[in-house]
Structures are given as structure tokens and as C-alpha cells.
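This report concerns only the one structure given below.
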Ligand SMILES: [Zn+2]
């Protein structure tokens, strides 16, 4: 496992993700793959980024959960990415270090942002690489995307947040910080 795979496959306790957060199936035996998403926030006290939430979600559940989002939100987000993501050259496509350390919209290093989110799709322990994944967005873009989300979808993402974030952690997470792809 190289460093990039470790970043996605291991949780903050250094254990490998094994279960889908939603259906709890074993993702390492699931042939269709799963998405891992992590959100980081800069901690002024420790002078380092800390993980504010992380989860693995099987692709079947991704599909199921995406269908709960309003059509308006899905279209808005789709249009936003079409308009703002620059096509990648063949060498950029496979430059996983750059793709997981710089914002896919602004092109800036994630380390310059107060918060950021990354995501990747895996099949067992192999990353699936395409135009959209791996995925990295900086705080300013997270804000922009939140504005594209309708009230209905917001209620739904709040419910999802309750599922993946332990109660004692919820206060630390800014509102509307869950994205499902
Ligand atoms: Zn699942």
C-alpha cells in the first residue's frame, strides 16, 4: 500500500475501512467498489489538519443515497463541475499525488486552505482512476457547492451526517458539510 492508498484506505485510527457506513456490508468483498471520503480542517491549536469526518460507502449505497437528493441539486452540482473542472491531460490524469493535494477547481494546494475534502473510489484495494476521481476540493469551493444545494437535499445530508458522525463530534462540523457523489 503506498502513501496515497493509505490516506484513503486507512481511517484515522490507522485501521483499514472494512464496512460500508450505510449498509454495513463488507466493502473489501464487494466487487463493485466503494467511495472513501474524508474532510479535513486546520486546527490552530495543533497547527495541523485534523480529520473532521471520514467514511466508506459502497457504490450501491452511493446510488441509493444520490437518488434521495433533489433533481435540482444534482443538476446544479453536475453543471457546476462541467463549467469549472478543466479537462485533464493523460499525464495529469494519473498524477495521483497532484490530484490528491491540489483543489481540482482552483488548482491551489489544499494545504493553503483552512479546510478541504478528498474522495476516491476503490475496488477492494485498487483505486479507480477517472476524470472525477480521485477528488479534492478546497474550502472556498465547498462553500460554493453548498450554495447549489436545495432545502430538500440539505435535510437529507443532515440526516446522513447524523449517521456518520458520532454525537460528541457533531458540534465541530460546520453545517452542510456532507457531499455525496
Ligand atoms: Zn452500502
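The values are calculated or read from the model by the stated rules, or taken from the named source; none is laboratory data. Quick caveat: nothing in here was measured; it's all calculated off a predicted structure. As a convention, Cβ positions derive from the backbone with ideal geometry for all residues, glycine included, and neighbour counts pool all protein chains shown.
Here are the numbers:
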item	result
Test for residue 166: is it in contact with a helix residue (DSSP H, G or I) (Cβ under 6 Å, 6 or more places away or on another chain) and either without any contact (Cβ under 8 Å) to a residue 40 or more places away in the chain or closer than 23 Å to residue 58 by Cα (or both)	no
Pairs, first under 22 Å from residue 19 (Cβ atoms) and at pLDDT below 95 in the range 30-48, second more than 16 Å from the ligand (Cβ to nearest atom) and part of a loop (DSSP other than H, G, I, E, B), C-beta under 7 Å, six or more apart	39/177
Hits in the range 84-96 - residues which are surrounded by fewer than 11 Cβ atoms within 10 Å (Cβ to Cβ) and at pLDDT 95 or above	89, 90, 91
Hits in the range 19-28 (condition: touching a residue at least 12 places away in the same chain (Cβ under 8 Å) and either near the ligand (Cβ under 8 Å from one of its atoms) or not in a strand (DSSP E or B) (or both))	20, 21, 22, 23, 25, 27, 28
Criterion violated by residue 65 - all others in (1) surrounded by fewer than 16 Cβ atoms within 10 Å (Cβ to Cβ); (2) within 10 Å of the ligand (Cβ to nearest atom); (3) touching a residue at least 24 places away in the same chain (Cβ under 8 Å) satisfied	(1)
Conditions (1) within 16 Å of the ligand (Cβ to nearest atom); (2) assigned to a helix (DSSP H, G or I); (3) loosely packed, with under 13 Cβ neighbours inside 10 Å: number failed by residue 32	(2)
Count - residues of the range 95-115 that are in a strand (DSSP E or B), free of Cβ contacts under 8 Å to residues at least 24 places away in the same chain and within 16 Å of residue 84 (Cβ to Cβ)	0
Scan of the range 1-17 for residues that are out of contact with any helix residue (DSSP H, G or I) (no Cβ under 9 Å at 6 or more places or on another chain), assigned to a loop (DSSP other than H, G, I, E, B) and in contact (Cβ under 8 Å) with a residue 12 or more places away in the chain, ordered by number	11, 12
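One line per residue, one yes/no per condition, for (1) within 16 Å of the ligand (Cβ to nearest atom); (2) within 14 Å of the chain's Cα centre (by Cα):
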residue: 39; (1), (2): no, yes
residue: 48; (1), (2): no, no
residue: 57; (1), (2): yes, yes
residue: 71; (1), (2): no, no
residue: 93; (1), (2): no, no
